[in-house]
Amino acid sequence: MVLFPHCKINLGLFVLGKRNDGYHDISTCFYPIGWKDALEIIPGPSNNISIGLSGIQIPGIPDNNLCVEAVKLVKKDFDLPGIRIHLHKSIPAGAGLGGGSSDAAFTLQILDRMFHLYLDEEILTWYSSMLGSDCSFFLCDKPRLASGRGEVLSDIRIDLTGKTVVLVYPGFSINSASAYEQIKPQDRKTSIKEIIEYQPISTWKNELVNDFEKVVFGRYPELESIKKSFYDQGACFASMSGSGSCIYGIFNEYPREPFQFPAHYQIWTGLL
């Protein structure tokens, strides 16, 4: 069976405070984006789990890939045969797009469908929470307000249908743990939900901030330059996604003038 895991962007990201478990409480809006990987899973020989990778390079050991971890998690509860995975990566890792979490969530869905496990939403959400804070978001296909570590999801009223989004990955990743260590949480007078639901997108530039930008832009000024170039081209809103390093711009229509980015940058464009 083949599915195509998609990524997300963060519309705003407030870091609210550090928790007793070492994580941070956040508030953000996850918005699904059509930049996709390709994931195939078929039964394999014996009881083994194997994975083949293609596309852009993924750091780390293949056997530690989140898709493999998802299969191991389900195999603890169900008598599954051997599993062969092939993952073609298009979504860059360490970009703040949630590509690895999406791959893991889609692995759970394939296993459920392929082997008729009849996992309900609650069980799938529980499995996904074991794999990543934002993993459960990818079980749905609509914008969600995220709180807690990112695993507590609720409805949010937003519709960007018809707008163009441009994503730029500059060819390097950001270490999320390191970025969190440098964040200084602060109180907020206005919530992300209030900004998105009650303020026009033209005001988001000054209100809907990503707290990681202050930390990351100081170390990687080229990311701030990408964001500025989006606004120079007429973006309604531009931001870094997650803890970086991908920068996106949202436009009413695709910019007429071509962007002058270095050749090694990855650029993805699509309609919301």
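So for the range 178-237, Kirkwood radius off the Cα pairs, Stokes-Einstein at 4 °C and 1.567 mPa s: how many µm² s⁻¹? Rounded to a whole number, D works out at 99 µm²/s. Working note: Cα atoms of the range 96-238, range along each principal axis, descending, whole Å: 51, 33, 32. Note that the range 8-24 has calculated 3J(HN,Hα) couplings of 9, 10, 9, 8, x, 7, 9, 9, 9, x, 8, 8, 5, 7, x, 7, 10 Hz, one per residue in order, obtained from phi through the Karplus relation 6.51 cos²θ - 1.76 cosθ + 1.60 (θ = phi - 60°); glycine and proline are x. Look at the alpha carbon pairs under 8 Å that are at least 6 residues apart: their mean separation over the length of the range 122-269 gives a relative contact order of 28 percent. Residues GLU122, GLU224 ordered from highest to lowest accessible area at a 1.4 Å probe: GLU122, GLU224. The listed residues TYR169, TYR254 rank as TYR254, TYR169 when sorted by accessible area, largest first, using a 1.4 Å probe.
At R0 = 51 Å, how high is the FRET efficiency between SER46 and SER176 if r is their beta carbon distance? Nearest 0.05 is fine.
Efficiency computed from Cβ-Cβ geometry: 0.90.
Taken over the C-alpha atoms, the range 15-117 has Rg and Dmax values of 15.5, 48 angstrom. Projecting the Cα positions of ILE41, GLY99, ILE123 onto the charge dipole of the chain (unit charges on Cβ atoms of Lys, Arg, Asp and Glu, taken about the Cα centre) puts GLY99 furthest along the positive direction.
When the range 139-272 is described by a simple charge dipole with +1 on each Lys and Arg Cβ and -1 on each Asp and Glu Cβ, the residue from ALA235, ILE192, PHE251 located farthest towards its positive end is ILE192. Here ASN20 and LYS75 are evaluated by their C-beta separation; at R0 = 30 Å the FRET efficiency comes out at 0.40.
Spatially, the range 88-159 and the range 180-246 are offset by 23 Å when compared through their Cα centroids. The listed residues LEU53, LEU208, LEU73 rank as LEU53, LEU73, LEU208 when sorted by accessible area, largest first, using a 1.4 Å probe. Ordering ILE156, PHE217, LEU11 by Cα displacement along the dipole of the chain toward the positive end leaves PHE217 in first place; charges were set at the Cβ atoms of Lys, Arg (+1) and Asp, Glu (-1). Working from label points 7 Å from Cα in the Cα-to-Cβ sense, the LEU271 to ILE61 distance is 4.6 nm. Relative to the first principal axis of the alpha-carbon coordinates of the chain, what is the inclination of helix 221-232, with its axis defined by its Cα atoms, in degrees from 0 to 90 and to the nearest 10? So the inclination is approximately 70 degrees. Treating the angle as unsigned and between 0 and 90°, give the value, to the nearest 10°, between the Cα long axis of helix 66-75 and the longest Cα principal axis of the chain. Here the helix axis deviates by roughly 40 degrees. Taking TYR198, TYR31, TYR231 as the candidate residues, the one with maximal mean-square fluctuation in a Gaussian network model of the chain, Cα springs under 10 Å, is TYR198.
Peptides 24-30, 236-242, 114-120 ranked from most to least packed give 236-242, 24-30, 114-120, packing being the mean of other C-beta atoms within 10 angstrom over each peptide's residues. Taking every protein chain into account, the accessible area of the chain amounts to 48 square angstrom per residue (probe 1.4 Å).
The values are calculated or read from the model by the stated rules, or taken from the named source; none is laboratory data. Every value quoted in this text rests on a predicted model; they were computed, and no experiment measured them. Neighbour counts run over all protein chains shown; Cβ positions are idealised from the backbone, glycine included. What goes into the accessible areas is simple: the full protein's heavy atoms, side chains included, and nothing from ligands, DNA or RNA. Shrake-Rupley method; radii C 1.70, N 1.55, O 1.52, S 1.80 Å.
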